[in-house]
Each structure stands twice: as structure tokens, then as C-alpha cells.
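The next block holds one structure in the form of C-alpha cells; read it before the comments.
The values are calculated or read from the model by the stated rules, or taken from the named source; none is laboratory data. The structure presented is a predicted model; accordingly, all values stated were derived computationally and were not measured. Glycine also receives a Cβ, built like all others from the backbone with ideal geometry; neighbour counts cover every protein chain displayed.
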Amino acid sequence: MRFICILVAAVSVAAPAGALDCDCYSQAGLSCPSMRITICPRGDFEPIRNGCGGSSDYIWVEARDCANQPIAGIPWTDYWIGACDVAQTLFYCAEPIAADSLTGENGRTTFSGIIRAGGCVLSGGIWVAIQGMVIKGPYPNCVNSVCLPIIIKGPDLTGAGGAPDGIVNLSDLVPFGSSYNKNLGQAGYNACCDYNDDDRCNLSDFAFFGSHYQHRCM
């Protein structure tokens, strides 16, 4: 599995006092029961706010310390996401995800913008980390990562090493071509290439792919 985390250095906001040092009380969730997001390394595909078919959807987190007290003022770039299923991979660009604001007095913030990354996550959902600490639960055991039921698709599916590499190019056209003109249930159908979620990989999906061809991490 290839996993890259990049923390943007150009952040002028200092880490708040009582920064996160515990992963047991923090929480994360979705504004809707399930979410589907289509991503691109350039960050110009579907925003999180459209992930459930509307225009005001979001991921939320609530940061709490080991005394179960909310942590305010966490910078909007101090977050990471990853696939809970280790067999699936995301490739992260610089500044891959950012919160809508600093955490408030209740330790809470939301994410409704874009994700700059490549890859595909069809099952298992994603985990969220705050300041390097993956949110875990349920309390008091806090052994397993909290996995949010999000499906992520994108045209950057493979690279020289077989995993997403941060650019949509000819190598990604190969798996797309193998799935082209296939429907759900047919041999060769790849849901990662079905960008409009209609259970078919056809010309409309090729148009999506073509509009992001040669897009790369910026």
C-alpha cells in the first residue's frame, strides 16, 4: 500500500494550547447517511458539499483532548484522511484536504470543499486523523479507527508502481478501457470508472475522464 501525507508548511496559525494528544474522545461523522465523492489530483472534480446529491453536505470532526475537553483553534490543514481497507490506496497531493474553519470553542469544524488526490475507495470507508492522531472508537477501548462510509472515485487509478501516482495519464486509460461498455454485474466492470454512479461505464464516463486527462498534483 502506498500512503503519502504532506503537511503544508505555509500556515501562519500556531497550534493551540492543549493540542490533540489523545485519539479516544474525538469524533467524526457525515451530514448524510452515505457519501460519494469523485476526486482529481488537480482538485477540480466534485466537492464534498455535493457528496450526497445536494449542495450543503459535509464531513464533521470534533476534537477533544484526553480529559474529554474540546480543543479550539486547530488549523484547517492539520487533518489527513485514508482508506480503512488497506487493500485500497489514495495518493495525496500537497494540501489534500482542508477544514472550512479553525475548530470552534466546541472543538468542531467541517469539510465541504474538494479533495486533491488520486485513487479509489469502494468499501470500508475512510479514517480521519487530527494532528497525526487517527480518530478511534468506541470509548473506552478505542482500538479501531472510526471509518466514515464514504465512496471515493477518481480517474487517477494507477501508475508505474501499480498504485495511483498523482497524474491522470495513459496508464490510467488502461483500466478504464478494460471497463468501458461494461455494466454492473458484467465481467470486467470496474465501479472505480463509473464516475456518475449509474452502474455503467460508458461514453459519459469517458467524457469525465477526458476532461481530467493530464491533470496532476499542483
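Among the residues of the range 173-197, count how many are charged (D, E, K, R), within 21 Å of the chain's Cα centre (by Cα) and at pLDDT 95 or above. The total comes to 1. In summary, strands (runs of 3 or more DSSP E) completely within the range 61-123 and bearing 3 or more residues that are within 27 Å of Gly166 (Cα to Cα) occur at 79-83, 89-92, 117-120. Any residue that is over 16 Å from Cys22 (Cβ atoms), at pLDDT 95 or above, surrounded by 18 or more Cβ atoms within 10 Å (Cβ to Cβ) and not aromatic (Phe, Trp, Tyr) - is there at least one of those in the range 125-133? Scanning the range 125-133, I find at least one residue that is over 16 Å from Cys22 (Cβ atoms), at pLDDT 95 or above, surrounded by 18 or more Cβ atoms within 10 Å (Cβ to Cβ) and not aromatic (Phe, Trp, Tyr), so the answer is yes.
Whenever a residue of the range 44-72 is at positive phi, its partners that are part of a loop (DSSP other than H, G, I, E, B), lying with C-beta atoms within less than 7 angstrom and at least six residues away or across chains, give the pairs Asn68/Tyr25. Of all the residues in the range 160-218, those that are at negative phi, polar (S, T, N, Q) and out of contact with any Gly (no Cβ under 7 Å at 6 or more places or on another chain) number 8. Of the residues making up the range 130-161, those that are under 20 Å from Met35 (Cβ atoms), in a loop (DSSP other than H, G, I, E, B) and β-branched (Val, Ile, Thr) are Ile135, Val146.
Cβ separations smaller than 9 Å between residues 6+ apart or across chains give the following pairs from the range 118-135 residues that are on the phi > 0 side of the Ramachandran plot to residues that are assigned to a loop (DSSP other than H, G, I, E, B) and of a type in the set (Gly, Ala, Ser): Gly119/Gly154; Gly119/Ala163; Gly124/Ala87; Gln131/Ala15; Gln131/Ala19; Gln131/Ala63. Residues that are among the hydrophobic types (A, V, I, L, M, F, W, C) and outside any helix (DSSP H, G or I) were ranked within the range 182-218; the one that is surrounded by the most Cβ atoms within 10 Å (Cβ to Cβ) is Cys201.
Those residues that are farther than 17 Å from Ile37 by Cβ and surrounded by 13 or more Cβ atoms within 10 Å (Cβ to Cβ), I need them from the range 162-176; list them, please.
Step one: filter the range 162-176 for residues farther than 17 Å from Ile37 by Cβ, giving 162-163, 165-167, 169-176.
Once the filter is applied, which keeps residues that are farther than 17 Å from Ile37 by Cβ and surrounded by 13 or more Cβ atoms within 10 Å (Cβ to Cβ), the range 162-176 yields Ala163, Asp165, Gly166, Ile167, Asn169, Ser171, Asp172, Leu173, Pro175, Phe176.
Regarding Pro70, is this residue over 22 Å from Leu122 (Cα atoms), at pLDDT 95 or above and surrounded by fewer than 22 Cβ atoms within 10 Å (Cβ to Cβ)? Taking the combined requirement at face value, the residue satisfies it. You will find that of Gly104, Gly82, the residue that is in contact with a strand residue (DSSP E or B) (Cβ under 7 Å, 6 or more places away or on another chain) and farther than 18 Å from Cys22 by Cβ is Gly82 and no other.
Close Cβ contacts (under 7 Å, 6 or more residues apart or on different chains) running from residues in the range 187-202 that are small (Gly, Ala, Ser) to residues that are surrounded by 13 or more Cβ atoms within 10 Å (Cβ to Cβ) and not in a loop (DSSP other than H, G, I, E, B) comprise Gly188/Ser178; Gly188/Ser179; Gly188/Lys182. Among the criteria (1) of a type in the set (Gly, Ala, Ser); (2) farther than 15 Å from Tyr58 by Cα; (3) in contact (Cβ under 8 Å) with a residue 40 or more places away in the chain, the one Ser112 does not fulfil is (2).
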